[in-house]
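> One structure is given below, represented as structure tokens, and several questions about it will come after.
The values are calculated or read from the model by the stated rules, or taken from the named source; none is laboratory data. The structure presented is a predicted model; accordingly, all values stated were derived computationally and were not measured. We place every Cβ from the backbone using ideal geometry, glycine too, and count neighbours over all the protein chains shown. Side chains are part of the model used for accessible areas, which takes the heavy atoms of the whole protein and leaves out ligands, DNA and RNA. Shrake-Rupley method; radii C 1.70, N 1.55, O 1.52, S 1.80 Å.
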Amino acid sequence: MKILLNQEPKDEFFVVLSDGDFLVRLEDIKSIGISEPKGEIIEISGEEYISMKSMERLTFFFDEKTLSLQITSPPDLLPRKALDLLPERRLKVYYPADDSAFLNYRLNYYTVGDYKEFDLTNQVGVRFKKDYLFLSDSFYTMTDTENRFTRLMTNITYDDRKWLQRTVYGDFIASSGELGSSVNIGGFSYSKAYHLDPYYVKYPMLDISGLVPLPSDLEIYIDGMLARKEKLSPGQFELKNIYSYGGAGGATIVIKDAFGRTETISYPFYFTDTLLKKRLHEYTYNIGLLRDDFGVESNAYGDFAFSAFHRYGFTDSLTLGLRSEATNGLYSLGPEGSYRIRNAGIISMLLAGSAGEKTGIAGSLSYVYQEKRLNARMFTKWYSEEYANIGTLSLTERVSSEAGAAVGYGRKDFGSASLEYATTKKYDGLDRTIITATYSKSLSNKLMVFMNLRNIREEKDINEVFVGLNYYTWDNASLSASHRSTESEDIDILQMQKNTPLGEGIGYLVSAERSDSDSGSDTSLQAAMQYNTRNAVYEGEFRSGSGEEGSYRLSASGALVYLNNVFGIIRPVNDSFGLVQAGSLEGVRVYQNNQEIGSTDSTGKIFIPNLGSYYENQVSISDKDIPMDYTMPEVIKYVSPPLRSGSYINFDVTRYQAVTGRILLKTDEKIKPVEFYEVRMVVGDKVVAFPTGKEGEFYLENLKPGEYGAAFDYADKTCSIVIKVPISDETIIDIGGVVCEVIR
């Protein structure tokens, strides 16, 4: 009979009727969703049955008209269904592990009047053993008075994508947090790197659980927007990893059961990337020698230095951490913490103390609240006169305190407005206070207005007014006009700009500026252009002003790359790059994230100079450019390359070509066809079997030119043959008869 569980049809099962009781096989009861049934077990013909009358908290009803057994169970006895709202990982993603190399270069020539300057910047990157990256950059400058070559940063980076950790050997920038410093160190760095997995969300999310007694439809809304629909079977459900961006908001769950009854439940939340999920760690540990005169000296290393911070999510609402740094004569240490005040914002506190050459204390307290339309923040920092970190040891003007507050409001029909106050007090030097009010609004899809009012109080009181308009004329192009006014100067700027495309094409900027001040009037003109070719980027810039000599800047940049035994000259590699292969077809258009990059060359190849590392780049080819007699299993690939690496992206575009012929057997000086036999042929490292037909005919597809060994069994013996495929432009190649002369 049919069995229904909480009105949800399950299937038909064999049921034993016994004195008003129903005996159902134990396995069947479990299969319909009651995972841990409790009741009297009766054995019939070696199988276990359970008595429906004896089952605790379950009721049942037998409908004679439909011959169905309707069982009703409390939802908490039924299985739990878990729904994860994080984006599903794309299943078919290519994770390259290619060895590769690139050499970026930029040639720059600048002249104004009699002054001339030539610069050469380069960067070498080598990816080896899949997860290791060697990177080094340098700078050469030549003027009338000096020639100087300077090595900048050199390091080896190892990324562990499984454990989301990064290790750096060599030069790097080390930061120890807000009350610490950012310094250039040559040494060793070890960090947690959550960004190596773009799907990983490190901040706390919302989980919701509930019960449904009947089959139901579930809708999940995040801030009023439908996020997901699901059908629920009777039982428990759990919604995991509900997330959003922008602080405070609300999740709404709408449940509609089989009888049309609707229940709506709202859950307020506050999402922030300031906090860590419970039991998550975030850290960086750095040790080495401080770089001296970076950008001037190539190999000047000074004092020992240590810099670190470590944060831990104790709960989803509380994250605590510790930062420290040290160098010769100084040690600094302090705790930090961030706490979510339910759904009312985030409060953060930091304390720090320094000892040694400079002994003092410092502190910071801040509050941040954000929602879809409203945001607010306040902060205060204070420093004792002798507090220091590595970065402030050499400062002469020391800050005593900083404080600020800001509030912003935005709505589509209103626009966006904000008000900000910031003040800085110093032990030596001038105090400074800035009050800023801003407003912006889109007047149409193409027109935007923005205004800025600023009051600066330092040595004297300065009021500044800024008004601007942006008009988006066509794709990637815009016109803008602005006016800035102070008590002593008025500046008007008119500008036209076209953004440079991702692939090949031209971008430009033309700007005219007029200023009127107490000392007179001045007009200046700026014109700049960037031209992306297949192999390089060319830039030119001209500036001229009233009474001033014009200045010119010309530059050319690109990269020499190596990947998959192919050398290429392409535009600069700013992150990772790729080599697309579309068979041997020329003129096949290639796209990255639906933007055209260019077309394949005469060998079917094209380099992509700007793949994003660790993200899933969509790389595709135009199937309209593929001739009808070619086959291709796919036209879209998703590629997630390592940092600053090269990735070989092969689209298996092959020409459809068939090979036909006849297999013949020579016996007793007679030749006869081998009809209806199975022939085994070795193709690469695989054995391919194919049949022969009448008169020994065979048919094969897409064999590359060459010789292939084949064999078939005949009269308890094996006959070996060689099938030779010639180079041909024909769609169907007839190789004639292939004769087997020796049987062993």
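> If I filter the range 314-322 for residues that are out of contact with any Cys (no Cβ under 8 Å at 6 or more places or on another chain), on the phi > 0 side of the Ramachandran plot and assigned to a loop (DSSP other than H, G, I, E, B), do I get at least one hit?
Scanning the range 314-322 turns up no residue that is out of contact with any Cys (no Cβ under 8 Å at 6 or more places or on another chain), on the phi > 0 side of the Ramachandran plot and assigned to a loop (DSSP other than H, G, I, E, B).
> Which one is most open to solvent (accessible area, probe 1.4 Å), of the residues in the range 27-53 that are farther than 22 Å from residue 237 by Cα and in contact (Cβ under 8 Å) with a residue 24 or more places away in the chain?
Residue satisfying both the conditions and the ranking: 53.
> State whether one or more residues within the range 259-270 are touching a residue at least 60 places away in the same chain (Cβ under 8 Å) and touching a Ser or Thr at 6+ places or on another chain (Cβ under 6 Å).
no
> If you don't mind, there's one more thing I want to ask. So which residues in the range 525-538 are assigned to a strand (DSSP E or B), of a type outside the set (A, V, I, L, M) and touching a residue at least 24 places away in the same chain (Cβ under 8 Å)? Write out each step before concluding.
Within the range 525-538, the subset assigned to a strand (DSSP E or B) is 525-532, 537-538.
Then drop every residue that is not of a type outside the set (A, V, I, L, M), which leaves 526, 530-532, 538.
Once the filter is applied, which keeps residues that are assigned to a strand (DSSP E or B), of a type outside the set (A, V, I, L, M) and touching a residue at least 24 places away in the same chain (Cβ under 8 Å), the range 525-538 yields 530, 531, 532.
> A follow-up question, please. Mind checking which strands (runs of 3 or more DSSP E) fall wholly inside the range 607-659 and carry at least 2 residues that are open to solvent by 40 Å² or more (accessible area, probe 1.4 Å)? Walk me through how you get there before you give the answer.
Details: elements: 617-621, 636-639, 646-651.
The strands (runs of 3 or more DSSP E) meeting that bar are 636-639, 646-651.
> Output the residues belonging to the range 89-121 that are among the polar types (S, T, N, Q) and either more than 22 Å from residue 151 (Cβ to Cβ) or surrounded by fewer than 16 Cβ atoms within 10 Å (Cβ to Cβ) (or both).
Keep residues of the range 89-121 that are among the polar types (S, T, N, Q), which gives 100, 104, 108, 111, 121.
Answer for the range 89-121, where residues must be among the polar types (S, T, N, Q) and either more than 22 Å from residue 151 (Cβ to Cβ) or surrounded by fewer than 16 Cβ atoms within 10 Å (Cβ to Cβ) (or both): 100, 111.
> Of the residues 737, 706, 696, which is in contact (Cβ under 8 Å) with a residue 12 or more places away in the chain and open to solvent by 40 Å² or more (accessible area, probe 1.4 Å)?
Working: 706 fails: open to solvent by 40 Å² or more (accessible area, probe 1.4 Å); 696 fails: open to solvent by 40 Å² or more (accessible area, probe 1.4 Å).
On inspection, the qualifying residue turns out to be 737.
> Can you tell me which residue within the range 487-508, out of those that are open to solvent by 60 Å² or more (accessible area, probe 1.4 Å) and within 44 Å of the chain's Cα centre (by Cα), is modelled with the lowest pLDDT?
The residue in question is 504.
> If you go through the range 261-278, how many residues are open to solvent by less than 80 Å² (accessible area, probe 1.4 Å) and within 13 Å of residue 319 (Cα to Cα)?
Looking only at that region, the number is 5.
> Can you tell me which condition residue 361 does not meet? The list is (1) under 28 Å from residue 183 (Cα atoms); (2) open to solvent by less than 80 Å² (accessible area, probe 1.4 Å); (3) not polar (S, T, N, Q), and all the others hold.
Unmet for residue 361, out of (1) under 28 Å from residue 183 (Cα atoms); (2) open to solvent by less than 80 Å² (accessible area, probe 1.4 Å); (3) not polar (S, T, N, Q): (2).
> Then there's this: Which numbered condition trips up residue 459, out of (1) in a strand (DSSP E or B); (2) modelled with pLDDT under 95?
(1)
> Still on this structure, please answer the following. If residue 175 meets every condition in (1) over 30 Å from residue 401 (Cβ atoms); (2) of a type in the set (Ser, Thr, Tyr); (3) crowded, with 17+ Cβ neighbours inside 10 Å apart from one, which number is that one?
Every listed condition holds for residue 175 apart from (1).
> So, one more: Criterion first (under 24 Å from residue 656 (Cβ atoms) and either surrounded by 12 or more Cβ atoms within 10 Å (Cβ to Cβ) or at pLDDT below 95 (or both)) does residue 676 satisfy it?
It is false that residue 676 is under 24 Å from residue 656 (Cβ atoms) and either surrounded by 12 or more Cβ atoms within 10 Å (Cβ to Cβ) or at pLDDT below 95 (or both).
> Which ones in the range 410-421 are in contact with a Ser or Thr (Cβ under 7 Å, 6 or more places away or on another chain) and surrounded by fewer than 16 Cβ atoms within 10 Å (Cβ to Cβ)?
The answer is 410, and nothing else.
> Of (1) buried (at least 16 other Cβ atoms within 10 Å of the Cβ); (2) touching a residue at least 24 places away in the same chain (Cβ under 8 Å); (3) within 27 Å of residue 184 (Cα to Cα); (4) in contact with a Gly (Cβ under 9 Å, 6 or more places away or on another chain), residue 346 satisfies all except one. Which?
(3)
> Just wondering, is there one or more residues in the range 81-93 that are touching a Gly at 6+ places or on another chain (Cβ under 7 Å) and in a strand (DSSP E or B)? Even if it seems obvious, please write down each step before you answer.
Of all residues in the range 81-93, those touching a Gly at 6+ places or on another chain (Cβ under 7 Å) come to 81.
Filter once more, so that each one left must be in a strand (DSSP E or B): 81.
Scanning the range 81-93 turns up at least one residue that is touching a Gly at 6+ places or on another chain (Cβ under 7 Å) and in a strand (DSSP E or B).
> Starting from residues that are at pLDDT 95 or above and aliphatic (A, V, I, L, M), keep the ones in the range 375-402 and report whichever is nearest to residue 321 (Cα to Cα).
Checked the range 375-402; the qualifying residue nearest to residue 321 (Cα to Cα) is 378.
> Which ones in the range 509-533 are open to solvent by 70 Å² or more (accessible area, probe 1.4 Å) and not aliphatic (A, V, I, L, M)?
514, 518, 519, 521, 531
> I would also like to ask the following. Of the numbered conditions (1) without any contact (Cβ under 8 Å) to a residue 60 or more places away in the chain; (2) surrounded by 12 or more Cβ atoms within 10 Å (Cβ to Cβ); (3) of a type outside the set (Asp, Glu); (4) not in a strand (DSSP E or B), residue 727 satisfies every one except a single condition; which is it?
Result: residue 727 passes all but (2).
> Only one residue in 281, 310 is exposed (fewer than 15 other Cβ atoms within 10 Å of the Cβ), at pLDDT 95 or above and on the phi < 0 side of the Ramachandran plot, so which one is that?
Just a single option satisfies the conditions, and that option is 281.
> Given the range 129-242, what strands (runs of 3 or more DSSP E) lie entirely inside it while holding 2 or more residues that are closer than 20 Å to residue 83 by Cα?
In the range 129-242, 206-212, 216-222, 225-232, 235-242 are the strands (runs of 3 or more DSSP E) which contain 2 or more residues that are closer than 20 Å to residue 83 by Cα.
> Condition first: open to solvent by 20 Å² or more (accessible area, probe 1.4 Å), among the charged types (D, E, K, R) and under 25 Å from residue 106 (Cβ atoms). Now tell me which residues in the range 571-595 satisfy that.
Hit for the range 571-595 is 575, nothing else.
> Identify the residue in the range 378-403 that is among the β-branched types (Val, Ile, Thr) and open to solvent by less than 40 Å² (accessible area, probe 1.4 Å) and, among all such residues, is farthest from the chain's Cα centre (by Cα).
So, considering only residues that are among the β-branched types (Val, Ile, Thr) and open to solvent by less than 40 Å² (accessible area, probe 1.4 Å), the one farthest from the chain's Cα centre (by Cα) is 392.
> Residue 480 versus (1) assigned to a strand (DSSP E or B); (2) open to solvent by 60 Å² or more (accessible area, probe 1.4 Å): which is the lone unmet condition?
(2)
> Residue check: is residue 164 more than 22 Å from residue 293 (Cα to Cα) and either without any contact (Cβ under 8 Å) to a residue 40 or more places away in the chain or charged (D, E, K, R) (or both)?
Numbers: more than 22 Å from residue 293 (Cα to Cα): yes; either without any contact (Cβ under 8 Å) to a residue 40 or more places away in the chain or charged (D, E, K, R) (or both): yes.
Yes; evaluated as a whole, the condition is true for this residue.
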